[in-house]
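The values are calculated or read from the model by the stated rules, or taken from the named source; none is laboratory data. Keep in mind the model is a prediction, meaning the values are calculated, not measured. Backbone-built Cβ (ideal geometry, glycine too); neighbour counts: all protein chains shown.
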Amino acid sequence: MSLSGKMYAWGERAKYVPEEAGVYAFYNEDRILIYLGGSTNLQKTFTHYLETNFSDDPRKRETIYYKRESTLNWKERVKELLDEYSQQHGELPKLNIPPEPSKKEVASEWGFYFYEDVGKPLFEAAFNLEDFWEKIGKIPVASLEFHQKRGDFANWIRDVFKETQLAERIEKIYSIGEDLRRELLNARHNPEVAECPRCGTQAGPVKTWKMAGKPSKTGERLQLTIGFYKCNNCKKTFRNVIKKEKIESTS
């Protein structure tokens, strides 16, 4: 059964939907379904979309109409709706399909040139984001640490590709070694989504909380955002570190 309920015009009035869990559907100007989602608090989610103008996913800016449906079991309902849509159309709604990585090529003077240290080039360069992530996966850790400490990765992605949200996620990474490589690669995706360690199914957190981590080798303290997950496929529960942030010194 498809999403029930009245179709509304998207706009500021959407901020005043009830504060309840549920699912929602976005439609374009031709009233064609473009996205199915769910939330523990529809009002909070809609308010975020409106106040940020869909900055997390600019593709959703073609939303003109929406429907909503209240349900506590919103995750199961979203899966049911997506399965139904896929059976009818042979694919997911277009905005439920992750966007392709940017293949925009930049001129040589705007490319990212990897160094291991000042005056020590690796003779490796990237001229689009797809190539950049490929290089991140294989260059020496020393080069990753050198550029991340200087903020080079975030600055290039923000200044050249205007990927502000991605740049902000990268700026908040403070790991070293192979942990740094792993977190840089993970930053491409929604940081709250994690793979079930038993069956590999992707899941979102049931709840999150913050806690102070152990001091690093340099004495810096980090605040961790931890997610508690329950796999919708095999029902395994697990935890995952979603984010690490420096704790400002009070001295």
**OP:** For region 63-73, name all the residues that are outside any loop (DSSP other than H, G, I, E, B) and surrounded by fewer than 16 Cβ atoms within 10 Å (Cβ to Cβ).
**Re:** S70
**OP:** Give the residue, chosen from F26, F114, that is buried (at least 17 other Cβ atoms within 10 Å of the Cβ) and more than 22 Å from the chain's Cα centre (by Cα).
**Re:** F114
Subject >> Filtered residue count, region 1-41, keeping only those that are within 27 Å of E91 (Cβ to Cβ) and of a type in the set (V, I, T) >> reply: 3
Original post:
Hey, F54 hits all of (1) at positive phi; (2) part of a helix (DSSP H, G or I) but one; which does it fall short on?
Top reply: (2)
Original post:
Yes or no: P101 within 22 Å of Q148 (Cα to Cα), exposed (fewer than 15 other Cβ atoms within 10 Å of the Cβ), modelled with pLDDT under 90 and not assigned by TED's automatic domain parsing to the domain that holds C231?
Top reply: yes
Original post:
When the residues of region 34-69 are filtered to those that are in contact with a helix residue (DSSP H, G or I) (Cβ under 7 Å, 6 or more places away or on another chain) and of a type in the set (A, V, I, L, M, F, W, C), which remaining residue is nearest to L82 (Cα to Cα)?
Top reply: L36
**OP:** Test L81 against the stated conditions and say whether it is outside the structural domain of G213 (by TED's automatic domain parsing) and modelled with pLDDT under 95.
**Re:** yes
Original post:
Any idea which of E124, E84, E69, E105 is of a type outside the set (G, A, S) and within 22 Å of E178 (Cβ to Cβ)?
Top reply: E124
